[in-house]
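Report on the following structure.
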Amino acid sequence: MASKKIIVVFGATGAQGGGVARALLQNPSFVVRAVTRNPDGKGAQELKKLKIDIVKADLDDIGSLHKAVSGAYGCFLVTNYWEYMDANRELQQGKNGVDACKAAGIKHLVFSGIENTEGSGVGPVPHFDGKGKIEAYIQKSGISYTSTRVSFYSENFLSFFPPKKIAEDKYAVSIAMGNKPLFVISVNDVGQCVAEIFKDPSKYNGKMLGLAGDKLTVDQVCATFSKHLKPKKFENTKISHEEFAKLTFPGAADLAHMFHFYQLKENLRDVELTKKLNPKALSFDAWVQANKDKLNQVMK
């Protein structure tokens, strides 16, 4: 019997990396090695219970990365702009991860990437642009790779963008997309897509894969909420990206420019391809139905 292939997963204690680690576990050909800065933390210990190997490393410390990727077949790399809100630091972290993978002879790298918006005519989108520059660095490195460009997470409605109560059983949704459709995906569905790529890396080598479980306007988002969360009713505030940029929370302008970019680029993601990689990827309607209790809880 051929030996199992080790797949290193960065961000495995987070939502996206955790989903990738768990999806890879379903394939008996793979052994999962999770990278974390805190092996004793709750998230790492939960992964350990699943028979996932845990290794301590930090993307800011390239020396620690060599041990993390040593002897591995593949690597899933994800960087987190929002931890420090520093695109230059994110870029260096990405370069460190890529350099370690190349030095270790990794056969295939899957990077959680996104477009670089510079030159698009849209204001700066730091949480996109750093990842776009990492993609460019990977391309020049000569390593075999795939970039998975995810969409707006459905789970954002449980955290960053919960509907706001404006009256009894009446809620507002403020997503600055105008009349343009928004691509969405459940973060839990990304993992199976990545696992499928690792099953046949040559098929996806050098490709930028836009992942989405659904595509719908903000009006359709509101209609879906109203359908499943009765007696609550939801309405689109029709906030513009200019108005969104003036909101006072950290990163508001970044997100406003992201929405503007999405408005201008309508075919960045591919629902059909995503469903081929993960036939169980949820539509937004199915996601809302499955998360009714959580949605009701955040709107209390």
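Some notes on this structure:
- Annotation: K215 fulfils all but one of (1) surrounded by fewer than 17 Cβ atoms within 10 Å (Cβ to Cβ); (2) in contact with a Phe, Trp or Tyr (Cβ under 8 Å, 6 or more places away or on another chain); the unmet one is (1).
- Qualifying positions in segment 236-247 - buried (at least 17 other Cβ atoms within 10 Å of the Cβ) and either touching a helix residue (DSSP H, G or I) at 6+ places or on another chain (Cβ under 6 Å) or at positive phi (or both): N236, H241, F244, A245
- Residue match in segment 159-169 (condition: touching a helix residue (DSSP H, G or I) at 6+ places or on another chain (Cβ under 8 Å), in a strand (DSSP E or B) and outside the structural domain of Y81 (by TED's automatic domain parsing)): no
- Given (1) of a type outside the set (V, I, T); (2) in a loop (DSSP other than H, G, I, E, B); (3) outside the structural domain of K246 (by TED's automatic domain parsing), index of the condition D129 fails: (2)
- I134 being in a loop (DSSP other than H, G, I, E, B), in contact with a helix residue (DSSP H, G or I) (Cβ under 6 Å, 6 or more places away or on another chain) and crowded, with 16+ Cβ neighbours inside 10 Å: no
- Some residue of segment 46-67 being at negative phi and touching a Cys at 6+ places or on another chain (Cβ under 8 Å): no
- Residue ranges of helices (runs of 4 or more DSSP H) in segment 1-72 with at least 2 members surrounded by fewer than 13 Cβ atoms within 10 Å (Cβ to Cβ): 42-49
- Any pair with Cβ under 9 angstrom, 6 or more apart, that starts in segment 286-298 at a residue that is small (G, A, S) and ends at one that is outside any helix (DSSP H, G or I): A286/S186; A286/G213; A286/D214; A290/S186; A290/L282
- Test: residue in segment 101-110 that is assigned to a strand (DSSP E or B), touching a Leu at 6+ places or on another chain (Cβ under 8 Å) and crowded, with 16+ Cβ neighbours inside 10 Å: yes
The values are calculated or read from the model by the stated rules, or taken from the named source; none is laboratory data. Note that the coordinates shown come from a computational prediction; the quantities given were computed from them, not determined experimentally. With ideal geometry, Cβ positions are generated from the backbone for all residues, glycine too; neighbour counts draw on all protein chains shown.
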